[in-house]
Structures are given as C-alpha cells and as structure tokens.
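The values are calculated or read from the model by the stated rules, or taken from the named source; none is laboratory data. All figures in this text were calculated on a predicted structure; none of them were measured in a lab. Note that each Cβ is placed from the backbone with ideal geometry, even for glycine, and that neighbours are counted across all protein chains shown.
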Amino acid sequence: MEGIYAFCVGLMTACGIFLTLRGRTFSVVVGLTLLSYAVNLFLFASGRLKLDAAAVLGMSEDYGDPLPQALVLTAIVIGFAMTAFAVILAMRARADLGNDHVDGRIPQTKEEVRQKSGGQR
Amino acid sequence: MQHLSILPILLPLFTGALLLLPPFSKTLQRQRVLSIVSMLLQVIVGFALVLWVQTEGITQYILGNWRPPFGIVLVADPMSSIMVAVTNFLAFSALCYATGSHDKAGGYFYPLFMFQVMGINGAFLTGDVFNLFVFFEVLLIASYALLVHGGGKQKTQATIHYVVLNLAGSSVFLFGLGILYGTLGTLNIADMAQKVSELEGSVAILAKIGALLLLAVFGLKSAMLPLHFWLPKTYSSASAPVAAIFAVMTKVGIYSILRIHGVVFGDEAGELANIAQSWIWPLALLTITVGTIGALASPSLKLLTANLVVLSAGTLLVCTAIQSEAATSAALYYMVHSTLVAGGMFLLADMISRQRGKAEDRFVVAKKMDNPVFLGIFFAIAAIAVIGMPPFSGFIGKVMVLQSVQSAAEQIWVWPILLLSSLGALIALSRAGTTLFWRYSAGKQPEAAQPIHLGEWLGVVLLLSASPLLALFAGPLSELANDAAAFLHDPRLSVEALLTSPLAEGGF
C-alpha cells in the first residue's frame, strides 16, 4: 500500500510541477491544483498509513492519528480558496492583458520578430 | 490582561468583518473613521503588549484550553511583541496615508487591509508551525487582493507572478510541514526544539529535508537570492499604502527563519544543529550584492526602493546566518528600522510621483514639484537612514550588524560587501535625489496641482520620524533587542514556559 501511495503522490507532484512551469495561465492553474492535491495526500500520510483505525478513541483497538486529518482539512479549504482566486485572476489577466500568457505577452522567437519587422507586437 | 496577546489578531479580524456590514459597507467616510480608530487601538495594544511582556515575561495564550503540545497556542515573547508593535505602527501610518485618495481606487480596501494586518500579527504571535502556515495564507490572500487594488495592466501582471509563486510556495511549505510532523510527531515550535535533538540516522536526514524545504519557502517570502525576482516588480507596482505594509512582509520570512532555523534547528539540535546556516551564508551575501546592483540600475524611485528592500533583506539574512545572540539582537534592531523606513520611502515615492506629472517617479527631467522643500527634506532623511549614515537609525543598525560578526573569516566576507552596498545605496540615492529635485524643466508651468492631503502628510511624518527616534532611544531599544535575542537563543526558557503553563500541571 505504501509503495502505491508514494508513487501516486510522486506522480501527481511531478505532473503538477510540469504544468506549473508551462507558459499559459490555464495549465499553471491546473498544475497548482494537482500540486495541492498531492500535498493533501502527502500530509495525510504523515500520520502513517493504517487500516481499520478510527481517529476517535475507543472506537477500535488501533487508532489513527487525528492531527494530520485536521491539517489536511485546513489545507483543502485553503487550497480550494486559493485555486478559485487563481482562476479569477487568470481570467482578469486574460481580459486586461489580451492574452493568457503568464508574462502578459506571448514570447516570440527571433525568426518571428524578423518576419514581423513592421513593428507589430 | 492575559487576553492581551490575542487582541492583535482579534481586533483586525472583527474590524474587517464589521467593515463589510451595512452601517459601514457603503460609506467610505465611516469606513475611514472606523479603520483609523481600530488601528489606533491596535497600536496601543501593540505597545502595551511589549511593556507587558517586559514586566511579566513570556506568556502563552492557550486557545480552547487544549494542552500546549496538542492544541493551538499563541506565544507573546519579547521578539514577537516588538514585531507586532512595529507592524501595527506601520499599518497605522499606511492607513493614514490611504485616507488621502488611495482608498477610493477600488472597493474593500479597508477590510482587506485589516485582514492583512491580522495575518501578519498572527504569523508573528503563533506558537506552532501549522498556524504559521495558516496565518501566512491569511496575509497572502489579503495581499493578493490588495495588490490588484486600483487596477491596471502592470498590477495584474505583477499579481499573476506573485500569486503563482506563492501558491507553489504554500505547497512546498505543506510538504515541509508533513515531513517534520512525520519525523517529530509535533508541530509546536517549543516542543519541536526539544525533540529534534533526539533524531538520528535516516530520520534525521528526513527532518533535514523538511527543514530545508521550509527554508526555501521562508527564502521566497523574505526575498533570498534565487527567489527574490518577484519582489521589485510586485512592490513597485503596488499602490503606495499597500507597498508600505508589504515592507513588513519580507520581515515575516526573516522572523520565521530566526524562529525555525535559528531556534528549532539551532545550536542544540544534535545531529541537525545549524543545518541551514551554510546555505544562508552565500545566499545572503549574494542577495546584498544583487540588491545593490538592482538599486544602481533602477530607473524609477519605486523600483529603487524595492531593490533597497532586497538589500535590507540580505543584511538581515546575514544576521540569521551568523547565529549568535549579538547578531539576532542586531537583526531585530535593523528589522524595525528597515521596515519603518522602507514603508516611509514607498509613501514618499508616491507623493513625489504625483507631483511630477507624466514623468511620475522615473529619473528624468520633469516639471518642478509643488512642494520641493518639504519633500526634499523628507527624502534626505529617508535616504540617510536607508544608506546607514549617521545620525539616524540606519547607522546604528549597520554598526550593530558589523559588530556582531565575530571571526576574521566572516569579517573578510561580510564587512566589504556590507560597506560597499552602503556605498552603492549612497550613489543610487544621491543620483535619484539630484534628478528628482534639482533637475527640472523651467519652462513648463505646473498644471492642476494636486494638494497633499493631511492624512498623507501624517503617514509620511510618522514613519520618517521613527528613524531619528530609533536613533535617539537606541540605548533602551538595543537593550530590548538584547533581551529578545537572549530569550530566543535559550530554547530552555521557552520549553520551560511551555511546561509550567497552569494547564499542563492540572492535566486535561
């Protein structure tokens, strides 16, 4: 179980980082969302993975650590709010700047600049 | 009186909530009055907290009566209380300035400002790492919205970079927290300091990874070298009162480094003693260098000020790297000074840019200012303080930093870089001053002059008078800073306070 869990968290983090490094705001937002999912799973696992363990005392012989669950709950709420904000900001930037690149302008290769030497951006 | 330590969080929270409700939500004038009154109260509470901690010693505020290592706890010690007082003072001045005209530029300025103050105060007061994360998020989400306040292409673009970077930073923060919880089994800072020395072998390496991940996050907040690129653009495009309150945000990062990497992973951490210092050393010195180069290359006063913030962050990071009592006390004094002066400088830059027509704050020849004398005097005071020339607080702060460097090997690195950076700041600021104040096109008549509002004068005067006052009362203040540093460097004191809290004796 630990192996699969770790693999999933790692894969999700890798995908999240890859997407966050892209140039368009949409993929960046998706990347940040994936990253926050990965981090939630990771936090959850920091209390060790156990089967049949309730987080409430007296419900079962073996009990799980309730603190990571509380942390994850907080992290989910914050992550969700932040994602919502990032989406709105991305839309605002699309409207203000006229494109959806994170730098506010689409980077051009030297070739393109030479072709459009008329002064157009 | 025992509730004093939670007031810096509750007051802005309730004021912010109140500002969103009907009697205040529609009228700007009422919002102004309520915010100013509440902020004035917070300034009083901040100073009362400093005095109280001085007389009564460190206090723990245990929320919900849950025993410290498990529940949420607020810790008011000399260091955090001083930072809270400084934050509130800075916020009050920035609010005064905002009443001029900046609060009209967009909705919800005052509530957001209050939540921002709440986040910063909370980050200083919190006693466990997870709440540090929560308060970081509170101050960040308020700052995201404040940054776009007023609108405009430049702000939107700067905000995108800032938001994406900080969201990624929050993820890394949580990864670090998860690792530390998994290895230490606690997130209470005092408890962590106690348990970290017991770690050995592979577990210690895991904890080291967690601690260094946290260093990356705090480095991002405090503008440590490879992570500082967001700062100049963000700070220079924010509106003036917002930029002024942002001046304390880099200090939140430095404070967290002092707390986590100076105390928890400090001298007594066994295998993990001083793991971060070897990383901070070169990065801090490079940060100073880059800040100086940036200041010399800045084309406008706001960018120049933002680069000076990077420079002061580098100086503070050097103090955290030295890791001694004297260095921490120097860091605290310099932190107070640089926060207030940088805030004042941002406000002043805005005043100047509004009087220069289309040239704004760029270093080009423009029309004559309406009140060059007053602005010139203020600029000179701020510049002298920032550069670190006598007689103002920058000089004393820099001397304290230079004195705290003990060994010759460290002196060879720190002294030249720090002194040359002062020279760089001197050149950059004198060039800025001569262009802004002495070179104007005589022919152009001033158009419709914008009068400076009383609140704006008040804000700038308050912040800039702090520097001479800090120099005048340097004796008692540095004693205060020494106290705070002595406390911070004796983790046994905080652990003792944790164990002797009345609840711990009585059990659940």
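Does B:S324 satisfy being farther than 19 Å from B:N482 by Cβ, polar (S, T, N, Q) and either buried (at least 24 other Cβ atoms within 10 Å of the Cβ) or touching a residue at least 24 places away in the same chain (Cβ under 8 Å) (or both)? When the stated conditions are applied, B:S324 does not pass them.
If the condition is being more than 22 Å from B:H161 (Cα to Cα) and at pLDDT 90 or above, then the range A:76-121 contributes A:I76, A:V77. Applying the selection to the range A:60-91, what residues are farther than 21 Å from A:L34 by Cβ, part of a helix (DSSP H, G or I) and within 11 Å of another protein chain (Cβ to nearest Cβ)? Correct list: A:P66, A:L67, A:A70.
Please work out if A:K116 is farther than 30 Å from A:C8 by Cα and either among the basic types (K, R) or at the interface with chain B (Cβ under 9 Å from one of its Cβ atoms) (or both). So A:K116 passes the test. The requirement of being buried (at least 23 other Cβ atoms within 10 Å of the Cβ) and over 21 Å from B:S237 (Cα atoms) is fulfilled nowhere in the range B:354-365; no residue meets it.
Across the range B:146-168, which residue is surrounded by the most Cβ atoms within 10 Å (Cβ to Cβ) among those that are hydrophobic (A, V, I, L, M, F, W, C), over 18 Å from the mean Cα position of the chain (by Cα) and more than 8 Å from every other protein chain (Cβ to nearest Cβ)?
Among those residues, the one meeting the criterion is B:A158.
Within the range A:1-41, count every residue that is more than 8 Å from chain B (Cβ to nearest Cβ), among the small types (G, A, S) and part of a helix (DSSP H, G or I). So the count comes out to 6.
Criterion applied to A:R94, A:R105 was being in a helix (DSSP H, G or I), closer than 23 Å to A:G31 by Cα and within 10 Å of chain B (Cβ to nearest Cβ), and the one residue passing it is A:R94.
If you go through the range B:132-145 and pick out every residue that is of a type in the set (A, V, I, L, M, F, W, C) and either at the interface with another protein chain (Cβ under 7 Å from one of its Cβ atoms) or in a loop (DSSP other than H, G, I, E, B) (or both), you end up with 2. Within the range B:405-430, the set of residues being assigned to a helix (DSSP H, G or I), over 18 Å from B:A385 (Cα atoms) and not hydrophobic (A, V, I, L, M, F, W, C) comprises B:E410, B:Q411, B:P416.
When restricted to residues that are facing chain B (nearest Cβ under 10 Å) and among the small types (G, A, S), the range A:42-59 contains 3. Scanning the range B:170-184 for residues that are more than 7 Å from chain A (Cβ to nearest Cβ) and surrounded by fewer than 21 Cβ atoms within 10 Å (Cβ to Cβ) gives a single hit, B:V172. When each of B:L140, B:L147 is tested for being over 14 Å from A:M82 (Cα atoms) and at pLDDT below 95, the lone residue that passes is B:L147.
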